[in-house]
1. One residue is enough: does the range 42-57 have a residue meeting the conditions surrounded by fewer than 18 Cβ atoms within 10 Å (Cβ to Cβ), out of contact with any helix residue (DSSP H, G or I) (no Cβ under 6 Å at 6 or more places or on another chain) and either of a type outside the set (Gly, Ala, Ser) or at pLDDT below 95 (or both)?
2. Can you say whether Phe69 is surrounded by 19 or more Cβ atoms within 10 Å (Cβ to Cβ) and farther than 22 Å from Arg289 by Cα, as far as the supplied structure shows?
3. Within the set of pairs 6 or more residues apart or between chains, which connect a residue that is more than 17 Å from Leu220 (Cα to Cα) and of a type in the set (Gly, Ala, Ser) inside the range 46-62 to a residue that is within 8 Å of the ligand (Cβ to nearest atom) and at pLDDT 95 or above with Cβ atoms less than 8 Å apart?
4. Go through the range 281-308 and count every residue that is surrounded by 12 or more Cβ atoms within 10 Å (Cβ to Cβ) and among the polar types (S, T, N, Q).
Amino acid sequence: MEQERPLIVGAATTAAACYLLLKAWKSLATVPVCVERKGRLTVFQWFFSPPSRLVHVTTLLSRVKDAEFHEIDLSKGEQLQWWFLRVNPKHQIPACVLEGGEFMAESRDLARHIFDKYNRDPSMDHWYPKDPVQRKMVDEWMDWSKPLHLCVESQVALRMATTLGMPWRENFGIVTVLVGSGLVDPPGGKDSLLPSRLKEHLDEADKILGKRSIESVADLNLGDLTTLQEVCMVFECFEGTTNEIIPASSTTSSLWKEYPHLANLYEVFRRDVPEFTRVHAPFLAFCERYRKVRGLKETPLTIARGVLTTITSFLPYAVWNVVLSKVYPFGPLSHKRQGVDAKKYN
Ligand SMILES: N[C@@H](CCC(=O)N[C@@H](CS)C(=O)NCC(=O)O)C(=O)O
């Protein structure tokens, strides 16, 4: 037995090295063609991300010919793939490869750019009016939801990412729990974790919409779409609970009933905007999946497994990709970035 030990250690080390080399090789070989191709708009997105859905719906509304939609699954950490870190060093979706091959990020800038460049139908101009005064109002309404987005990220998305039975836990391990519990600062800072802050934004959104009459698609604009995508995250994920974040004041457990003007906006989108409904379907299914597992309780075993996943799988993956994105001499390297490299809102 004593004599066999070096042999066993040697074999195990060789097997581990081969496994790591294979994984490393596979990560080099996975750059999608669309990253370096010109002449076509590619949108990197994920169906569960509100800013991604804004850009996806806008691209469909603008009737962009041959647009390609490439999913970056955030629950698997795909935003950390080395080549994507070169497309958007902030590792955020949505991001695009424009027709000229430039990289561009920031959902609101992308939505404006895509609608302006591709929409040819004057009857669609209400989405993003040409009149400067009206356009300014839509721009301001689009930008209004930036702090709401940070609250939604911190209180809704992170809560899902920490939940047992959701895919983040399998791929990231315990990392999401550390961020979600406030031990590590969430994207919008600790302030964005305050339920009262989220409620303030929702109350204000309902009040803003209450000043307008929204009856049909002609009354809608890109600001409505931007805000609605965030609001849907809160209301759909917490449907069926009365106390998860925002207590429903009445006997109903549907938050939509608490916010009549937001509910009306949602209704008009679902009734009159097929592009919205199409993009919304996988999002709704994912929210339903969350609602089914949200009651699962943590045990010492699930925590231990989470720590192990973080150490043996997530951290090596993240470090390897960050290093590659900086030093690997191939892949997307010298693309121009379009537009102002906007401040990191999140
Ligand atoms: N300000 C950005 C925010 C985008 C954003 O927050 N993206 C999130 C998903 S909703 C993301 O990609 N998170 C992954 C990460 O930060 O690693 C925008 O509007 O495009």
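1. Looking for residues that are surrounded by fewer than 18 Cβ atoms within 10 Å (Cβ to Cβ), out of contact with any helix residue (DSSP H, G or I) (no Cβ under 6 Å at 6 or more places or on another chain) and either of a type outside the set (Gly, Ala, Ser) or at pLDDT below 95 (or both), one finds none in the range 42-57, hence no.
2. Working: surrounded by 19 or more Cβ atoms within 10 Å (Cβ to Cβ): no; farther than 22 Å from Arg289 by Cα: yes.
Taking the combined requirement at face value, the residue does not satisfy it.
3. Close Cβ pairs (under 8 Å, with a partner that is within 8 Å of the ligand (Cβ to nearest atom) and at pLDDT 95 or above) amount to Ser49/Leu74; Ser49/Ile93; Ser49/Pro94; Ser52/Trp46; Ser52/Ile93; Ser52/Pro94; Ser52/Ser107.
4. Going through the range 281-308 one residue at a time, the tally reaches 1.
The values are calculated or read from the model by the stated rules, or taken from the named source; none is laboratory data. Just so it is clear, the model here is predicted, and its values are computed rather than measured. All Cβ positions, even for glycine, are placed from backbone atoms using ideal geometry, and neighbour counts span all protein chains on display.
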